[in-house]
Amino acid sequence: MSKKICAIVDPYSSSNLYAPALKAFGYDCIAVQSQATPTSLIAGSFRNADFSEVLKFTGDLDHTVSELKKRNVNLVIPGMEMGIELADA
């Protein structure tokens, strides 16, 4: 059985609870930050220890998709609202 890997785009605020919940179902989680530097209002809610890796979106969607494919990501979900478009793409 292959490992289950989830990428969570912008896992800030209350969506910082997604990774621990997914881990309970056997997922390894990767954080994808849609902004190079998250605003100070949300940055403090990020829980780095919940993620095996953090990827920063640089504006190059093809590169980000390639990086997620390399890691065999099975699921991509948005965290905060600002991550919806990137997660959908």
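May I ask you to list pairs of residues, at least six apart or on different chains, whose Cβ atoms are under 6 Å apart, with the first in region 19-34 being under 19 Å from Glu67 (Cα atoms) and among the polar types (S, T, N, Q) and the second being in a loop (DSSP other than H, G, I, E, B) and open to solvent by 30 Å² or more (accessible area, probe 1.4 Å)?
Taking only residues 6 or more apart or on different chains, the pairs are Ser34/Phe57.
Take the residues in region 67-77 that are open to solvent by 50 Å² or more (accessible area, probe 1.4 Å) and touching a strand residue (DSSP E or B) at 6+ places or on another chain (Cβ under 7 Å); name whichever of them is farthest from Ser2 (Cα to Cα).
Val76
Which residues, taken from region 8-19, are touching a Cys at 6+ places or on another chain (Cβ under 9 Å) and part of a helix (DSSP H, G or I)?
Across region 8-19, the qualifying residues are Tyr18, Ala19.
Only one of these is hydrophobic (A, V, I, L, M, F, W, C), out of contact with any Ser or Thr (no Cβ under 8 Å at 6 or more places or on another chain) and free of Cβ contacts under 8 Å to residues at least 12 places away in the same chain: Ala89, Ala49. Name it.
Ala49
Does Thr64 fit the bill of being assigned to a helix (DSSP H, G or I) and either surrounded by 14 or more Cβ atoms within 10 Å (Cβ to Cβ) or without any contact (Cβ under 8 Å) to a residue 24 or more places away in the chain (or both)?
yes
Of all residues being touching a helix residue (DSSP H, G or I) at 6+ places or on another chain (Cβ under 6 Å) and assigned to a loop (DSSP other than H, G, I, E, B) in region 67-89, which is nearest to Cys29 (Cα to Cα)? Just the residue, please.
Per the criteria, the residue is Gly79.
Sort out which residues of region 78-89 are over 13 Å from Ala7 (Cβ atoms) and open to solvent by less than 60 Å² (accessible area, probe 1.4 Å), and write them in order of number.
Met80
For residues that are in contact with a strand residue (DSSP E or B) (Cβ under 7 Å, 6 or more places away or on another chain), hydroxyl-bearing (Ser, Thr, Tyr) and modelled with pLDDT under 95, tally how many sit in region 16-49.
Matching residues across region 16-49 total 1.
Residue by residue, here is whether (1) aromatic (Phe, Trp, Tyr); (2) over 17 Å from Ala89 (Cα atoms); (3) over 10 Å from the mean Cα position of the chain (by Cα) holds:
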{"site": "Ser14", "(1), (2), (3)": "no, yes, yes"}
{"site": "Tyr27", "(1), (2), (3)": "yes, yes, yes"}
{"site": "Thr39", "(1), (2), (3)": "no, yes, yes"}
{"site": "Val54", "(1), (2), (3)": "no, yes, no"}
{"site": "Asp62", "(1), (2), (3)": "no, no, yes"}
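The values are calculated or read from the model by the stated rules, or taken from the named source; none is laboratory data. Here the structure is a predicted model, which means the values were calculated and not measured. Virtual Cβ from ideal backbone geometry, glycine too; neighbours counted across all protein chains shown. Heads up: the accessible areas ignore ligands, DNA and RNA and are worked out on the full protein's heavy atoms, side chains in. Shrake-Rupley method; radii C 1.70, N 1.55, O 1.52, S 1.80 Å.
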